1. Sort all Cα-Cα distances of the chain into consecutive 5 angstrom bins from zero, then give the percent of pairs in each bin up to the one containing the longest distance.
2. In region 17-97, with Lys and Arg counted as +1 and Asp and Glu as -1 at Cβ, which of these residues, S32, M43, T65, has the Cα nearest the positive end of the dipole, that is, farthest along it?
3. If one takes the longest principal axis of the Cα atoms in the chain, at what angle in degrees, from 0 to 90 and to the nearest 10, does the Cα axis of helix 67-82 lie?
4. Between A60 and N82, what FRET efficiency follows from the Cβ-Cβ distance if R0 is 35 Å, with the result rounded to 0.05?
5. Amide H of R59 versus every other amide H placed in the peptide plane: which residues, excluding those fewer than 5 positions away on the same chain, fall under 5 Å?
6. Expressed as a whole percentage, what fraction of the accessible surface of the chain belongs to carbon and sulfur atoms when a 1.4 Å probe is rolled over the protein heavy atoms?
7. I'd like the trypsin sites (Lys or Arg not before Pro) in region 39-68 restricted to DSSP loop residues with at most 14 other Cβ atoms within 10 Å, sorted by number.
8. On average, how much accessible surface per residue is there in the chain, in Å², for a 1.4 Å probe, leaving out ligands, DNA and RNA?
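The values are calculated or read from the model by the stated rules, or taken from the named source; none is laboratory data. Treat the numbers as computed from the prediction; the structure is a model and nothing was measured. Cβ placement follows ideal geometry from the backbone for every residue including glycine, while neighbour counts extend to all protein chains displayed. Ligands, DNA and RNA are excluded from the accessible area calculation, which covers all protein heavy atoms including side chains. Shrake-Rupley method; radii C 1.70, N 1.55, O 1.52, S 1.80 Å.
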Amino acid sequence: EWLRPYTDDVIPELGKEKNVKNLVVVPISFVSEHIETLEEIDMEYRELAEESGIINWKRAPALNTDPTFIEDMADMVVEALNEPAQTVTEACVANNA
């Protein structure tokens, strides 16, 4: 199940019912630009926003290859490798259960 409320339900509510004219969308579920951010958010949701009376639509960029983000991800990988949630033996036992 996706995060709620659904974007395509909220946009008309903001524009038509709450008279919002300016909206910045922050795609918190995505760490990089891809077809869903570029096509769905930038095009389909922008069109829905304009139809709903929102005249100034912006999307915050995803983190992509921001150096701080990449460093944090690398640190998390190293930490996970140094302290796995399961030992190799535990993982083998769990896979054979």
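1. Percent of pairs per bin, in order: 2, 11, 15, 15, 12, 10, 9, 9, 7, 5, 4, 1.
2. Of S32, M43, T65, it is M43.
3. So the helix axis and the longest Cα principal axis differ by about 30 degrees.
4. Calculated value: 0.60.
5. V25
6. The C+S portion of the solvent-accessible surface of the chain is 57 percent.
7. Sparse-neighbourhood loop trypsin sites (Lys or Arg not before Pro): none present.
8. 78
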